[in-house]
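Novice: Take this structure, written in structure tokens, and hold onto it; I'll ask about it next.
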Amino acid sequence: MTSADVILRAFLACLRPSRTQADAVLLSAFLILTLAPPSASQAAAPHDTGSGLGPNVEVPVSRSTRYLERACDSTGRFAYLVTPETGQLSESYNIIRHAGAIYSLEMANRRHSYPGTQETIMRAGGYLWNSYVGPDANSDLLAVWSQPKPANSEAELGAAGLGLVAFAGIEHLRPNSISPHDLRTLGRFIVLMQKADGSFFPKYSVDRGPVNEGYSLYYPGEATLGLIALYELDHSPEWLAAAGKALAFLARNDRVGKVAPDHWDVIATAEFLRHYDQSSCPATRKELIEHAERICESFLSEQITSGPDAALVGGFDPGGRTTPAATRLEALLAALQFLPPEANALRGRIEIAVKRGVTFLLKAQITSGPYAGGMPATAIKPKSVVFRSDPKSSEIRIDYVQHALCAWLRYESMFGKK
């Protein structure tokens, strides 16, 4: 049996609801073949300091980019959730995180142009478009549906937002890959989901229209980022106006209660402020920046800066989870793009925090073996094969890799080699 035969048979075995022992053997072979480690020439200690100004992330960025490339099969679908100890692949799938993985690969491609990254982006984008994007039966709009076609019954706001970000990136990479009309109809779906006050309905139901169900903290920021990405393609003021209303609502709403730990909000703010003078945003530039500063202050207060367990230092929660750390670093680094001179003290604290946080993530990355470049759920290593803090702590999910990769890329663009 050739390696291609093993891959095909194992892939089909993954789809069966109940797998036999023979299927498990094939699946292990599949993972070894498709998630092979990078070559020895790519191996390097994760904490090389390079210039001495902070951790060097060039090799870790390459590792995680390669992981996502290898984890994307011939159809464009990612190995969504892997348990390294058993090689088991989860049968569930989340299309929002699929779009997020494309977003991270597009960031990596703009920074490094690795061979193979562009083809992975196109393949994954094709899977997203062909399997999940379809018309709404009640309108002439397109949506990113929660389940593969033809199950077009519910769509989540975040999928449309990050889907639009991914498709806009593909258009920049290979112009005319997607019809401008189709992108605009997807953008109008997001506008349909927006309320008069700038907030959004989180979910769309074919039977009921926009509904206040399935709330997610991150959907508004993801949707806003999608609108900004579309504006940068066609420069229609419609998208910028909707994005400004969304950010103004978020900025003014955080004064009512506790500041929401929303990294997408800060990332969208960084992108929006570049176009602020062309917008009709109801909030002032100062209000948007102060809102982002409050989020950053909240994140900084969470970081672990000392303690008996060195593995937790630089992280943001006592469980050592990697993705909360990565998303907070993404936001803090995005804020460095727009903080005004009078916020120099905050800027200095952020710079210290991100270097500490980047090092925390580097220590967690898998650096060798069949899952090299993967990011486990937590940075806490099991003390023995018998006593494990959490059986899920070693799982690798595509968004764990995505967020770490995006954080490192943002860090590299600011503090790495120019």
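Where a number appears in this text, it was derived from the coordinates with a stated rule and is not lab data. This is a predicted model, so every value here is computed, not measured. Using ideal geometry, Cβ is built from the backbone for each residue, glycine included, and neighbour counts are taken over all protein chains shown.
Novice: Can you flag which of K355/K381; K203/K392; K195/K245; K363/K417 are past 19 Å Cα-Cα?
Specialist: Numbers: K355/K381 22 Å; K203/K392 29 Å; K195/K245 10 Å; K363/K417 21 Å.
Table pairs above 19 Å Cα-Cα are K355/K381; K203/K392; K363/K417.
Novice: If you plug each phi of segment 244-253 into the Karplus form 6.51 cos²θ - 1.76 cosθ + 1.60 with θ = phi - 60°, what whole-Hz ³J(HN,Hα) values come out, in order, with x for Gly and Pro?
Specialist: Those phi angles translate into x, 4, 5, 5, 5, 4, 4, 5, 7, 6 Hz.
Novice: Okay, moving on. Under the Karplus relation 6.51 cos²θ - 1.76 cosθ + 1.60, θ = phi - 60°, what is the ordered set of whole-Hz ³J(HN,Hα) values for segment 211-219, x standing for Gly and Pro?
Specialist: 9, 8, 9, x, 4, 9, 4, 8, 4
Novice: Rg over Rh of segment 262-380, using C-alpha atoms and the Kirkwood radius, what does it come to?
Specialist: Rounded to two decimals, Rg over Rh is 1.05.
Novice: Next question. Within the set of other residues whose C-beta is less than 10 Å from the C-beta of Y114, count the net charge using Lys and Arg as +1 and Asp and Glu as -1.
Specialist: Result for the neighbourhood of Y114: +1.
Novice: Between E85 and E342, 0.36 nm times their residue separation minus their Cα-Cα distance comes to what? Could the numbers behind the result be given before it?
Specialist: Numbers: separation 257, 0.36 × 257 = 92.52 nm, distance 5.01 nm.
Answer, rounded to one decimal: 87.5 nm.
Novice: Something else about it: Could you tell me which trypsin sites (Lys or Arg not before Pro) in segment 243-337 are loop residues by DSSP with no more than 12 other beta carbons within 10 angstrom of their beta carbon?
Specialist: Here the trypsin sites (Lys or Arg not before Pro) that fit, given the DSSP loop and packing criteria, are R255, K258, R274.
Novice: Continuing with the same structure: Can you figure out the FRET efficiency of Y93 with T284, using R₀ = 60 Å and their beta-carbon distance, to the nearest 0.05?
Specialist: So, using R0 = 60 Å, E works out to roughly 0.90.
Novice: Report the full-extension gain for the segment S179 to E351: residue separation times 0.36 nm, less the Cα-Cα distance, to one decimal in nm. Could the numbers behind the result be given before it?
Specialist: Values: separation 172, 0.36 × 172 = 61.92 nm, distance 4.11 nm.
Extending this stretch completely gives an extra 57.8 nm.
Novice: If you don't mind, there's one more thing I want to ask. Please sort by residue number the chymotrypsin sites (Phe, Trp or Tyr not before Pro) in segment 192-242 whose DSSP state is loop and whose Cβ has at most 14 other Cβ atoms within 10 Å. Working shown, then result.
Specialist: On the way: sites: F200, Y204, Y215, Y218, Y231, W239; in loops: Y215, Y218.
When the chymotrypsin sites (Phe, Trp or Tyr not before Pro) of segment 192-242 are filtered for loop state and at most 14 Cβ neighbours within 10 Å, Y215 remain.
Novice: Which residues' amide hydrogens lie under 5 Å from the amide hydrogen of Q88, considering only partners 5 or more residues apart or on another chain, with H built in the peptide plane?
Specialist: T83
Novice: What list of ³J(HN,Hα) couplings, whole Hz, do you get for segment 73-82 from phi and the Karplus terms 6.51, -1.76, 1.60, once you set θ to phi - 60° and write x for glycine and proline?
Specialist: 7, 5, 7, x, 8, 8, 6, 5, 9, 10
Novice: Taking the simple approach of a point 7 Å from Cα along Cα-to-Cβ for both R252 and H172, what is their distance in nm?
Specialist: 3.1
Novice: What's the extension gain from S74 to H235 if we count 0.36 nm per residue and subtract their Cα-Cα distance?
Specialist: 54.5 nm
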